[in-house]
Structure formats: C-alpha cells, structure tokens
Amino acid sequence: MESKAVFHTFLSRFGILVLGFAVLAYTTQVWGSQGRGAISLLIADLAIVSFFSNIIVGSSISYYTPRVALFKLVPLAYFWCLFIGISVPFVITSIHEQEHRVFLIIISCVFSLCTVHTNIFVGLQHMKAYNIYTFLQYAVLMLFLILFVFVKDTADYTVYFVAQIFTFSSIFLVSLLHLYKQAHSPLFSWNFDKRVFFQLFSFGIKTELSGFMQFINNRLSYYALASLWGIPEVGKFAVGVACAEAILVLSKSFSIHIFSQTIGNSNEKIKLMQTQKAVRISLFLTLCCVCVISVVPNQTYTWVFGNDFFETKYIILLLSPGIIALSASGIIGHYFSGSNQLNILNVKSAIGLCITILLCFFLIPKYGVYGACIAVSLSYIVSSIVLFYWFYKHNSFSWRDFMFRKSDMIENLQIWKKK
C-alpha cells in the first residue's frame with residue numbers, strides 16, 4: 001500500500017508539471033514578459049507568506065493530526081492563516097513595491113486555508129486526497145483562466161489573481177466537506193488551547209527555517225532584477241527558472257520514490273546505500289534532461305512562450321550547473337532530514353543565502369538576467385558542496401557513488417512493473 005501511494009504521488013507530480021507548464025505558456029503568450037513578471041513577483045510574495053503560515057499549517061499540523069484532536073487543531077490553524085495572511089503582506093509591501101496588495105492578502109488567506117486541509121489529509125495518511133487537491137489547484141486555475149480570458153474577454157493580467165482566488169476558494173469548500181466526512185469527529189471548538197499552539201509552533205519553526213532561507217536564496221534575484229532592471233526582466237528570468245526547476249521535478253519524483261523506502265529503516269548502512277543510489281539516478285536523469293534542452297532550438301521557446309522570451313534557453317543553460325548539483329544534494333538533504341540533522345540543512349541554506357546576496361550585489365547591476373543566473377547557479381553549487389562535505393565527513397568517498405549503474409535501472413524497472 002505504501003509503494004502504491006508513492007506511485008500515485010509520482011503521477012500527481014507529473015500531472016502538476018504538465019499543468020504548470022500549460023499555465024506558464026498560457027500566461028506568457030497572453031500577457032508577455034510584463035504580465036508574467038508581475039505575476040511572478042506576487043507568487044514570490046505569496047511564497048513568503050506561506051512560509052510563515054506553514055509554521056502552523058505545514059508539516060507541523062500533519063505531524064500532530066494523529067496525536068491531537070482535530071477540533072483543537074483546525075480553529076488554531078484557521079486563526080493563524082487569517083492572522084498571517086493579513087499581517088505579513090503589509091510587512092512585505094512596506095519593504096518593496098507591490099501594487100497588488102489586496103490581491104496578495106486575499107490569495108494568501110484562501111491558499112493557506114486550503115493548505116490546512118491538504119496537510120491534515122497527509123496526517124490522516126489519506127495521500128490520495130492530498131494528491132487530488134494538489135493537482136486540482138493547477139487544473140481548476142487553468143479552467144478559470146480560460147473562462148475569464150476567452151469567455152469573459154478579460155485582457156488584463158490581474159485576471160490571473162482573480163482566477164487564483166476562485167480556485168483556492170472552491171478547493172477550500174470542497175476539501176472542507178471531504179474532511180468533515182473523513183474525520184468522523186468534530187472539526188471545531190471555540191476553546192483556545194495554548195499548549196497545542198506552542199507545540200505546533202515549536203515543531204513548525206524548526207522545520208520551516210531551512211526552507212525559508214532556501215526560498216529567499218532562490219528568489220532574492222527576482223527582487224533585485226525588479227528593482228534594477230524592471231518587471232519585464234523578472235518575467236523573462238522567472239520563465240527560465242521555471243523550466244530549469246521542472247528538470248528537478250522529474251528527478252525528485254523518482255529519487256523520492258526510492259529514498260522513501262529507507263526513511264523508516266534503522267540500518268544506517270542500508271540507508272547510506274539507498275541514498276547513494278538515489279543520488280546516481282537523480283544525477284543521471286538530470287543530465288539527460290540538460291542534454292535534451294541543449295539541443296532544443298531557441299525558436300521552440302519563443303514559439304511556446306512568445307517573442308519576449310528569446311533568452312530562455314540561455315537562462316536555462318546558465319542555471320544548469322546549479323540544477324545538476326541540486327539534483328544530487330537534494331537527496332543528501334533528504335538523508336539529513338530523515339536523520340533529524342536539521343542544523344546541517346540550516347547551515348547549508350545560510351551559506352547559500354550569503355553567496356546569493358554577495359553575487360547578486362556584484363553581478364545583477366552589470367549583467368542583469370545573466371548575472372542573476374550565475375549568482376543562483378553558484379549558490380546552488382556552493383550549498384551542495386556543504387552538504388556533500390558533511391555527508392562524506394563520516395562516510396568513505398568514491399567517484400563511483402555518482403556514476404549511474406546498469407543494476408540501478410534494472411532494479412527500479414522491476415519496482416515500477418509491480419505497480
């Protein structure tokens with residue numbers, strides 16, 4: 001049953017990848033680099049809000065769902081979502097210019113409320129429901145975009161934000177009804193349990209700190225480009241980043257499938273072997289994708305995304321060294337996370353963030369989008385080296401650990417055939 005759930009998660013991720021590309025291509029064709037840049041900045045701001053809301057409604061609520069009654073968790077989570085969804089956007093928009101503050105507040109609230117339900121499903125081990133609602137976030141968004149642009153003939157890019165509001169609101173209501181039927185217990189209580197709140201907060205702040213620093217590391221260049229070169233440059237860069245990170249979605253999906261088999265294993269030697277095998281497979285798949293991208297004509301990207309995005313291939317290629325490094329170090333990160341060695345991940349993220357800040361300061365003013373690519377790629381490489389250093393500090397190093405083997409393919413083909 002566990003392997004079946006992993007397979008369904010893989011299918012869900014692949015479907016999200018396809019729909020994500022469809023939404024990306026659709027928005028670039030309709031609104032160009034200016035519209036896509038504005039959308040990307042708001043999504044980046046939304047991600048910052050999400051990290052704060054996820055302190056309570058992220059992995060923390062999943063962890064405590066089997067341990068604490070839902071009527072104690074759900075009201076706390078709802079209150080936290082609304083508090084963070086209203087307060088944090090005001091802080092963000094006081095730091096940098098964001099002309100769509102109202103949209104950011106509304107989307108932050110409804111998206112966080114959706115996250116409450118999906119992560120409770122994870123805690124209840126209803127992975128099928130989690131995968132469905134995660135997939136629907138992209139599918140329903142695409143439907144609303146088509147409806148508003150073609151049926152309602154609305155040309156302004158802010159219709160994307162309206163579509164997001166309708167999407168997350170719809171999924172929130174449907175998932176609430178689903179959760180009510182699945183829970184077999186009350187969902188609400190007006191009693192504020194301080195002990196439960198501090199348990200959620202204490203667990204969440206530890207797990208989200210590394211992720212928050214990694215996000216700032218990944219998206220700091222967006223704000224630097226917007227400030228120094230303008231919104232259209234953000235749009236061009238964001239499309240290249242989305243394409244490059246799509247490579248990681250494929251490799252992560254397969255490597256997580258392999259590594260998930262070792263999470264509950266107490267045998268350190270077996271965990272080490274499985275991690276090294278996952279690294280080899282992830283590297284192999286990522287290198288294959290990069291090779292394919294390198295031979296795709298540049299005209300293909302302008303045909304898919306529009307004439308504003310003629311630099312997309314060069315952006316992807318500049319990001320590729322960092323993406324290749326990240327495809328391997330991401331597996332090592334899972335190893336440390338599964339071993340509860342979160343401090344190493346925090347150190348890695350902090351070092352990567354320092355590199356990004358330093359390089360963005362020197363490279364983006366002079367080289368624009370290409371400078372941002374170099375800064376991000378080098379940051380990924382340096383932070384990956386940190387993880388590899390700690391991984392091999394207590395394990396013997398061999399270059400063969402990174403070389404794909406025929407046995408890896410045979411073993412995993414047999415696994416997939418069983419699905």
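Readers should treat all values here as calculations from the given coordinates under stated rules, not as data from a laboratory. Source: prediction; values computed, not measured. We place every Cβ from the backbone using ideal geometry, glycine too, and count neighbours over all the protein chains shown.
In table form, for the structure just shown:
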item	result
Rounded if a/c under 1.5, otherwise prolate or oblate - region 191-237, Cα gyration tensor axes	prolate
Residues of region 216-234 with amide N under 18 Å of the 7 Å Cα→Cβ point at TYR370	225, 229-230, 233-234
Virtual spin-label span in nm between ARG101 and TRP303, 7 Å along Cα→Cβ	4.5
Residues PHE71, PHE144, sorted so that the one with the fewest Cβ neighbours within 10 Å comes first	PHE71, PHE144
Using θ = phi - 60° and Karplus 6.51 cos²θ - 1.76 cosθ + 1.60, couplings along region 304-316 (whole Hz; Gly, Pro as x)	6, 9, x, 5, 5, 10, 6, 8, 4, 4, 5, 4, 4
Residues VAL292, VAL196, VAL239 arranged by fewest to most Cβ contacts within 10 Å	VAL292, VAL196, VAL239
FRET efficiency, 1/(1 + (r/R0)^6) with R0 41 Å, evaluated for ASN191 and VAL18 via beta carbons	0.40
Contour excess over end-to-end distance, with Cα ends at LEU176 and GLN29 and 0.36 nm allotted per residue	49.4 nm
Shape of region 306-382, Cα gyration tensor, a/c cut at 1.5	oblate
Subset of LYS206/LYS393; LYS313/LYS366; LYS72/LYS348; LYS366/LYS393 violating a 28 Å alpha-carbon distance limit	LYS72/LYS348; LYS366/LYS393
Three-way shape label, region 10-63, alpha-carbon gyration tensor, a/c 1.5	oblate
Distance histogram for region 1-192 (every C-alpha pair counted, 5 angstrom bins, percent rounded to whole numbers)	1, 8, 15, 18, 19, 16, 12, 7, 3, 1, 0
Residue order, fewest to most beta carbons within 10 Å, for CYS291, CYS114	CYS291, CYS114
FRET efficiency estimate (nearest 0.05) - Cβ-Cβ, ALA69 to CYS291, R0 56 angstrom	0.60
